[in-house]
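The values are calculated or read from the model by the stated rules, or taken from the named source; none is laboratory data. On a predicted model such as this, the values are computed, not experimentally measured, just so you know. Here the Cβ positions follow ideal geometry from the backbone for every residue, glycine too, while neighbour counts run over all protein chains shown. Protein only, heavy atoms only, side chains kept; ligands, DNA and RNA dropped before computing areas. Shrake-Rupley method; radii C 1.70, N 1.55, O 1.52, S 1.80 Å.
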Amino acid sequence: MPNLEPGAVVAMPWHALASADALANLHSTETGLTTAQAAERLAQHGPNRIEQGAPTRLWVRWLRQFNNLLIHVLLVAALVTLWLRDHLDAAVILGVVLINAAIGFVQEGKAERALDAVRAMLASRATVLRGGDRHEIDASDLVPGDVVLLESGARVPADLRLLRTRNLRIDESALTGESVPADKDAAPVDVAAQVGDRLCMAFAGTTVAVGQASGVVVATASQTEIGRIGALVSDVGILATPLTRRLDQFARQITLVIGVVSVFTFAYGIFIGGLPPLALFLAVVGLAVAAIPEGLPAIVTITLAIGTAAMARQRAVVRRLPAVETLGSVSVICTDKTGTLTRNEMTAVSAVLADGTLAVTGAGYAPEGGFHRAGVAQDPANHAGLQRLARCALLCNDAQLHHTTRAGWTLAGDPTEGALLSMALKAGLDPAQEAAATPRLDEIPFESEHRFMATLHHDHAGHVFALLKGAPERVLALCTHDNGGAPMDAAVWHARMDEAASQGQRVLALAECELPAGTLALTMDDITPRFTLLGLVGLMDPPRDEAVAAVAECQRAGIRVVMITGDHAVTAAAIGREIGLRDGQPLTGAEIDQLDDAALNARLAQTDVVARASPEHKLRLVATLQAGGRLVAMTGDGVNDAPALKAADIGVAMGQRGTDAAREAADLVLTDDNFATIAAAVREGRTVFDNIKKSLLFVLPTNGGEAGLILLAVFAGLAMPVTAAQILWINMVTSITLDMSLAFEPAERGAMQRPPRPANEPLITRWLLGRVVFVSLLLMGACFFVFNWQLERSGSLEMARTTVINTMVVGEILYLFNVRHFTASGFTRETLLGNPVAVWTGVITLVLQLLLTYAPPMQQLFGTAALDATSWVVIAALAVGLFVAVEIEKAWLRRRDVHCI
């Protein structure tokens, strides 16, 4: 036995070797290894098990919540205020930090628990030959050289080179994206064949649909195709989302600004103002506390959490919190075909008869739909040729369809036969009546060697006949006449077959012939050129109707949709054409291998359809799109999608048909497996980001106005218009009540008609910064005015400060309704009443302000005093003036055609 890497013999192109050569290279025989050989190889290669990484410790997960620059600044501010014995301020700041960390810890814990539920794709048990004897063993004990026996319904436990097959078809959709089980045989294939074309191989994690086989193990554990995909997944790092990048950039910017302003203020006070160092230091700390939006991390987290809940109601489960917003930023969605854009249910779409072609409507296994010619509905009961074709499809068939209220129509059997059975039901045939009228006497099951299935039937009048279905080339060669009685014109029928195939249809031919009365058995000798061709049936895995609409909506929103599939190019192009993608010149996996990065980027710009793509191809395509500055979402449901799901800016897995590997690599899981849910999730993602920007637009002027007041007081040598405790009261009241209401804002009008945001766009755009500065100056000016007005009028510093607090908060209440729309007018009923949460939080905030102003305990704690009616009139007038001024600025933006800032 040669020296091999643990787990497999990987150097050999096993699919290109004859089965005898494969056994020889593995030093094995068709009777399998001996027990001693198996034990020796198990020690050498290790168990057939994909190892899992160690779970994240709780304390590590907790500390990760503080890995944020803004949090670091807040912690420093809290320590400084604690050192200065300002315990109230320190407690408030620390409370905000801990609440934010707790929210992140709980959310990440949910994702960790989901990751802990890693389910093995490998089978748990396997049937092997050891020394010629049949044994059932734990699949983890399999080694290269073991001979494994497969049967219908079994999961393949390792990568096998097939030795013998009988009617073997394997469902490889999770691995290759193929929507139809692959016909397998033991004959070697070309050395350059892609995974989906290696018909003499059975891959770990796939499922035997029908038939039996034996095969020799050539790869176990991490060296299998599934194990290789798992390695690709683990090698892909976790990308920062657009939101986390923008928040990090914003944190750096605001920290720099606060630092520069604080240093400048301290230097001015020392060298120019001649202020006492300790008093000046306290003022600078107050300035920093005022300027830091300490509630922002909690606001962002809660806004994302509310978006998560909204997505869950729309059947999209978020596994990583920032992923809520990321969907709103994507510019490209790379989607798998099978089960994502399509139903993963084979459907008869055309019936090619001697007198013309009928289109078959309806999708999936449900017998709903009909037959049309040139757009005109046909009555199947009045079409004798269609009835004969449908009867053959029904009787030469082993599948069964079942209907339940909960699950709808489900298939027991082969998907292709399910599609034929559904077509027969659409033609009005009753399976029980037909089986009773023409019972089956015998059959020749489908074998890959002869590529057809035949059944023998009789009626109760003594007539005996055979029905035949299979590959068109094979069946056409056995037919002498067509359904219309005319002699077979093979060229015409081959042309009609090629036409259907060019539309991405999988074509089957159906035929029948009379046999002598009394025939009780059907043998290969009976299958001779004497059949009557009943017609051809074109089959497809049709696109979901809602997926077509969802693709169109994404395209209107400026999002490019690219279909990446393991299916054949013709089939992929046909589906792409139906759902509205650019299907000309589909890009194939073989072509990707020949292109460098620049050529691949140029080629990818020419088409939206990529076929015969392997996991490595999908990874490279995602990387190519990302290198071009695009934010990429990847959807999929198979094991083969997992690496690209993890590498994309956001991975979207299917929850029902999706494999565990796909779900665990994804950030978002669609519980209804519906591509249309993605469009709704994109809308929700854009809404979440808009609401985060609205929160910034609301909270930053508060901080700016407060910081401006303190700066003005320091530079002018005046008494502080507000104390540190009063500053934190304003910040916490507006953050906890008013700002939180913006998390409940519905989508902006036209959210899905604007293009995606550029990947490098900062969180604070120039228009948003302009609004923040404008409102900060308005608040600062209004507060400075009322401070001096009240101080001169009453001579009470407490009354003056109380007037400032109420002016700031009442102004913020009205400004909240400005912020509900970026540029749309605030003078509408919808703006004032469209968000009930905003209305109620405004009322609650007013109640809190009245308590602060008039309740003796609050007066003592915060140093406030009762205000008279005149003071409230002035406060209200200034707040209304602020609202009107912002509306004038919004009208100016609308005239400049600015709709989103």
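Inside the stretch 815-831, residues that are open to solvent by 30 Å² or more (accessible area, probe 1.4 Å) and among the β-branched types (Val, Ile, Thr) make up a count of 1. Checked against the criterion of being surrounded by 16 or more Cβ atoms within 10 Å (Cβ to Cβ) and at pLDDT below 80, the candidates Leu42, Leu33, Leu26, Leu70 yield just one match: Leu70. In the stretch 776-796, is there at least one residue being open to solvent by less than 50 Å² (accessible area, probe 1.4 Å), more than 19 Å from Leu893 (Cβ to Cβ) and not in a helix (DSSP H, G or I)? Checked against the condition, which is being open to solvent by less than 50 Å² (accessible area, probe 1.4 Å), more than 19 Å from Leu893 (Cβ to Cβ) and not in a helix (DSSP H, G or I), the stretch 776-796 yields at least one hit. Determine the pairs where a residue that is in contact (Cβ under 8 Å) with a residue 60 or more places away in the chain, located within the stretch 853-873, has a partner that is among the charged types (D, E, K, R) and open to solvent by 70 Å² or more (accessible area, probe 1.4 Å) with Cβ atoms under 7 Å apart, the partner being 6 or more residues away or on another chain. Correct list of pairs: Gly863/Glu798; Thr864/Glu798; Ala865/Glu798. Of all the listed residues (Thr361, Thr303, Thr342), the sole one being farther than 30 Å from Ala644 by Cβ and hydroxyl-bearing (Ser, Thr, Tyr) is Thr361.
Within the stretch 565-604, the only residue that satisfies the criterion of being assigned to a loop (DSSP other than H, G, I, E, B), open to solvent by 60 Å² or more (accessible area, probe 1.4 Å) and modelled with pLDDT of 90 or more is Asp596. If I ask for residues that are surrounded by 24 or more Cβ atoms within 10 Å (Cβ to Cβ), β-branched (Val, Ile, Thr) and over 26 Å from the mean Cα position of the chain (by Cα), which ones from the stretch 171-219 would you list? Scanning the stretch 171-219 gives Val216, Val217, Val218. For first residues located in the stretch 135-150 and at negative phi, partners that are among the hydrophobic types (A, V, I, L, M, F, W, C) and surrounded by fewer than 19 Cβ atoms within 10 Å (Cβ to Cβ) and lie 6+ apart or on another chain with Cβ distances below 6 Å form the pairs Val143/Leu42. Taken over the stretch 522-564, the criterion of being touching a residue at least 60 places away in the same chain (Cβ under 8 Å), open to solvent by 30 Å² or more (accessible area, probe 1.4 Å) and acidic (Asp, Glu) is satisfied by Asp526, Asp545, Glu546, Glu553.
Of the strands (runs of 3 or more DSSP E) lying entirely inside the stretch 316-382, those containing at least 1 residues that are in contact (Cβ under 8 Å) with a residue 60 or more places away in the chain span 316-318, 332-335, 347-353, 356-360.
Let's see how each residue does on (1) open to solvent by less than 40 Å² (accessible area, probe 1.4 Å); (2) in a loop (DSSP other than H, G, I, E, B):
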residue: Met720; (1), (2): no, yes
residue: Leu738; (1), (2): yes, no
residue: Gly750; (1), (2): yes, yes
residue: Pro755; (1), (2): no, yes
residue: Ala759; (1), (2): no, yes
residue: Leu763; (1), (2): yes, yes
residue: Phe774; (1), (2): no, no
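When the criteria are applied in full, Leu296 fails the requirement of being surrounded by fewer than 23 Cβ atoms within 10 Å (Cβ to Cβ) and modelled with pLDDT under 75. In the stretch 443-493, counting only strands (runs of 3 or more DSSP E) that sit wholly within it, the ones holding 1 or more residues that are of a type in the set (Ser, Thr, Tyr) and under 47 Å from the mean Cα position of the chain (by Cα) span 452-458. Just wondering, is there one or more residues in the stretch 631-641 that are outside any helix (DSSP H, G or I), in contact (Cβ under 8 Å) with a residue 40 or more places away in the chain, touching a Cys at 6+ places or on another chain (Cβ under 8 Å) and hydroxyl-bearing (Ser, Thr, Tyr)? Looking through the stretch 631-641, at least one residue is outside any helix (DSSP H, G or I), in contact (Cβ under 8 Å) with a residue 40 or more places away in the chain, touching a Cys at 6+ places or on another chain (Cβ under 8 Å) and hydroxyl-bearing (Ser, Thr, Tyr). Residues that are at pLDDT 70 or above, closer than 30 Å to Asn48 by Cβ and among the hydroxyl-bearing types (Ser, Thr, Tyr) within the stretch 217-273 comprise Thr220, Ser222, Thr224, listed in sequence order.
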